[in-house]
Amino acid sequence: MYDYDFSTGDIKGVEMIDELPRMTKINGANGFRIYAGRFNVSGYGTSHVYIHRNKPPYIVVELDSGWVILGSAASEETEKYYYQLITPQ
């Protein structure tokens, strides 16, 4: 419904965080279980956010064009994606 894609070649940095910064929805969904869409995120600015709420950790990806914050419903899956993003291809 609210998708966004980027090339791994566009990644400037990746970090994993356990707590979400404050954020307000610009457009998208900020439901009870998920955030999906564009949000103004404290410390990052306008970001694309696709997370399951209250399911840390979360991945923060820095791109030339801004930030993407990702998180799965299962922490093991989020960690797997994190290691895939930081491992050179």
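The values are calculated or read from the model by the stated rules, or taken from the named source; none is laboratory data. What you see is a predicted model; the values in this text were computed from it and never measured. We place every Cβ from the backbone using ideal geometry, glycine too, and count neighbours over all the protein chains shown.
Odds and ends about this structure:
- Some residue of the stretch 35-54 being of a type in the set (Lys, Arg), surrounded by 12 or more Cβ atoms within 10 Å (Cβ to Cβ) and not in a loop (DSSP other than H, G, I, E, B): yes
- Across the stretch 36-89, the qualifying residues are those that are more than 13 Å from the chain's Cα centre (by Cα) and of a type in the set (Val, Ile, Thr), and the one among them that is farthest from residue 26 (Cα to Cα) is 87.
- Residues that are crowded, with 16+ Cβ neighbours inside 10 Å, hydroxyl-bearing (Ser, Thr, Tyr), out of contact with any Pro (no Cβ under 7 Å at 6 or more places or on another chain) and over 16 Å from residue 13 (Cα atoms) do not occur anywhere in the stretch 58-70.
- The residue of the stretch 11-27 that is farthest from residue 48 (Cα to Cα), among those that are surrounded by 14 or more Cβ atoms within 10 Å (Cβ to Cβ) and of a type outside the set (Val, Ile, Thr), is 16.
- Residue within the stretch 59-77 that is at pLDDT 95 or above, assigned to a loop (DSSP other than H, G, I, E, B) and in contact with a Gly (Cβ under 9 Å, 6 or more places away or on another chain) present: no
- Scanning the stretch 10-40 for residues that are charged (D, E, K, R), free of Cβ contacts under 8 Å to residues at least 24 places away in the same chain and closer than 15 Å to residue 58 by Cβ yields 22, 33.
- Verdict on residue 11 being at pLDDT below 95, out of contact with any Cys (no Cβ under 8 Å at 6 or more places or on another chain) and among the β-branched types (Val, Ile, Thr): yes
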